[in-house]
Structures are given as structure tokens and as C-alpha cells.
Amino acid sequence: MSELWDTEGKVLAALDRFEAALPGWVRPAAFGLGWEPGGEFAWARHDLGERPLAAVVLARVCGHAGGSASYRLTASDLDEAIASLAPAEACASLDHPDLWAWRPLRAALPEGEGVIAVFAADFAYAGGDRYVSALVAEAMGGREENADGTTTLWRPVGPAELAYVREHGSWPPRLPDQPIFYPVLNRAYAERIAREWNVPHSGTGYVTRFRVETRFLRRYPTRRAGGEDVLELWVPAEELGELNGHIVGEIEVVARFGEGDK
């Protein structure tokens, strides 16, 4: 390696250089790298709107500038991607999960076999590339999408937030130290938070259920915050008003824990 990017500033500078050198480059909503051991596709790693340096490094090797597509790469192509991204590992203040996934994949790759790089421009993909479809399916996993074009979400709340919801029929603006609104994707997870967080902090925890237009929600990938059922969406605070505008029906209370008003 001719240089090491041992600070976050150097990593960002490298990102700028790679992106400027790829004409027409548009960051993907998701990208991933997989292989087909025994003929069955498996992910080595996929990223959802994160790790732009790894995304552009992989895209440069593929010759990909934008849109949704998949590419078959040789072992030598994977070596090139690993070597291009490796200088970033000198920055100890950042994690490097793509490198840490690509290297074991390369080591396990049988002679003569390659890998598959996949890019999704957005999560509304309806084309025929099965690898892109698989990536989008990963991004949209764990959702209760209804036949009427809505998706059911859940949110645990305390008495103060519930009072606002009952008065306004929508979610309150986030506080300055709350940059993200976190609806969750299943009732069990919502109930756990209501019992374990809302009750100790405010005496009562409520679980709410509401529906949002599926087409709108598909801009937000599913985030796994722990176990298999610990699934949520991350909605930036500045987009919460827009989400409120796509709620269908009422925000209803479906469970209560602790003491307080019913």
C-alpha cells in the first residue's frame, strides 16, 4: 500500500477522490457482495445506505456508476477491491466491516469461482435481476405489509407523548437531542420497550399501532437493533412531518403496562 488513511479526515478525502473519479456516480440505497457456494446464493455482507467508501470502491471495480444492477466478479476483481479499501483500516476510530467480510470470503473462495456484487438504487425495485431483488428483500424484511397498500407499525410511548397523539392525531416533533424517530415492526418488541423503558421512566408504558402508506415507507430500510425480532425503522426528525402526512387511519393504543390512565 502506498499510503495509509489513518485519520477520519484522510478516509473522507479518499472517499471524495474515489467519487470524483467515477463519472456519473450516484450513491446506492444499498449494496452487497455475495457468492454461490453449492449453487445457492449467500451474502458475505450487505449495507443499507451506509459505508459509502466501500460502495464506491466496489462500484469502481465493477464499472458501476448508478442504478440497480448486479455484476459477476473474479477473484482478482475481489483482490482489487480489498486492496483499494485496505488503507482505510489504518483509521482505528472507524469500523471496517466490509473489509472484515470480504477477506474471509476471498479466503473461502474455491479456485476458479467468483463473487457477485449487487447495487440497489432504491427500495422500489421491480426489475428482473434476482440478486437486486434479494438485496431489496433484505432491506424490507420483517414488515407487515397489508393488501390495502399500508404497512403496520408499532411504537411504545409514555403518557406525555400519548397525550400529544390523542390531541393532534399525529406524532410530535422530535426534541433537539432526538434526531431519529423509531417506529418498530412488531408488537412483541414494542411491548418489551414499553415494559422495560417507559414504565421505569414514567410509570406507564403504552403500545400504539398505526398504519402508513407502504409506498412512502419503502424509502426506509429495516434496521436490526439486536435479535431477529428487534426490528425498527429510522426516520430522520426532519422527515417526521412527512411521515405524519402518510398515516392512514388513527394511531391506536393496543396495550398498557404499569400504572396510569387507560
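None of the figures in this text is laboratory data; all of them are computed from the coordinates on show. Note that the coordinates shown come from a computational prediction; the quantities given were computed from them, not determined experimentally. All Cβ positions, glycine included, derive from the backbone under ideal geometry; neighbour counts span all protein chains shown.
How high is the FRET efficiency from GLU145 to ASP16, r the C-beta distance, R0 41 Å, rounded to 0.05?
Plugging the Cβ-Cβ distance into 1/(1 + (r/R0)^6) gives 0.60.
Over all alpha-carbon pairs of the stretch 140-238, lay out the pair-distance distribution in 5 Å bins, whole %, shortest bin first.
Each 5 Å bin holds this share of Cα pairs: 2, 13, 21, 25, 23, 12, 3, 0.
In the stretch 66-108, if every C-alpha pair distance is counted and binned at 10 Å from zero, what percent goes to each bin?
That works out to 24, 48, 26, 2, in percent per bin.
Give the Debye-formula value of log10 I(q)/I(0) at each listed q (0.07, 0.10, 0.14, 0.17 Å⁻¹), with one equal scatterer per alpha carbon of the chain, two decimals each.
Results for the chain at q = 0.07, 0.10, 0.14, 0.17 Å⁻¹ read -0.32, -0.62, -1.01, -1.23.
State, as an integer percentage, the relative contact order of the chain based on alpha-carbon contacts under 8 Å between residues 6 or more apart.
Numbers: 465 pairs, mean separation 46.0, N = 262.
Value for the chain: 18 percent.
Give me Rg over Rh for the stretch 8-139, both radii from the alpha carbons and Rh done the Kirkwood way, two decimal places. It would help to have the intermediate numbers written out before the result.
Working: Rg = 14.1 Å, Rh = 14.9 Å.
Ratio of gyration radius to Kirkwood radius: 0.94.
Would you compute, from DSSP H runs of 4+ residues alone, the mean residue ellipticity of the chain at 222 nm, taking -39500 (n - 2.57) per run and dividing by the full residue count, rounded to the nearest 500? Walk me through the numbers before you get to the answer.
Details: 10 runs with 88 residues, N = 262.
Rounded to the nearest 500, it is -9500 deg cm²/dmol.
From the residues TRP35, ALA83, THR7, which one has its Cα farthest along the dipole of the chain in the positive direction, the dipole being from +1 and -1 charges on Cβ of Lys/Arg and Asp/Glu about the Cα centre?
Towards the positive end, the residue furthest out is TRP35.
Only residues of the stretch 1-21 count here: report those whose backbone N is under 15 Å from the spot 7 Å along Cα→Cβ of ALA92, or say none.
Under 15 Å, as judged by backbone N against the label point of ALA92, lie 5-8 of the stretch 1-21.
Among PHE216, PHE119, PHE41, what is the fewest-to-most ranking by other Cβ atoms within 10 Å? Display every interim value, and only then the final one.
Numbers: PHE216 17, PHE119 27, PHE41 13.
Starting with the residue having the fewest Cβ neighbours, the order is PHE41, PHE216, PHE119.
Return HIS246, HIS96 ranked ascending by Cβ neighbour count within 10 Å, so the fewest neighbours appear first.
Numbers: HIS246 14, HIS96 20.
Going from least to most buried by this count: HIS246, HIS96.
Let me check against my output: what whole-number percent is the relative contact order of the stretch 30-108, with C-alpha pairs under 8 Å and at least 6 apart?
Details: 61 pairs, mean separation 21.1, N = 79.
It rounds to 27 percent for the stretch 30-108.
Under unit Cβ charges (Lys, Arg +1; Asp, Glu -1), what dipole magnitude, rounded to 20 debye, does the chain have relative to its Cα centre?
On the way: 26 positive and 39 negative charges, 86 e Å.
Computed about the Cα centre, the dipole is about 420 debye.
Measuring from label point to label point, each 7 Å out along Cα→Cβ, what is the ASP177 to GLU259 span in nm?
Taking the simple label geometry, ASP177 and GLU259 are separated by 2.7 nm.
Where the only charges are on Cβ atoms (+1 Lys, Arg; -1 Asp, Glu), what is the dipole of the stretch 8-139 about its Cα centre, to the nearest 20 debye? Kindly include the intermediate steps, with their values, before the conclusion.
Working: 10 positive and 18 negative charges, 39 e Å.
Dipole size: approximately 180 debye.
Relative contact order for the stretch 163-209: what percent, with Cα pairs under 8 Å and sequence separation of 6 or more? Walk me through the numbers before you get to the answer.
Working: 22 pairs, mean separation 9.6, N = 47.
Dividing the mean separation by the residue count of the stretch 163-209 yields 21 percent.
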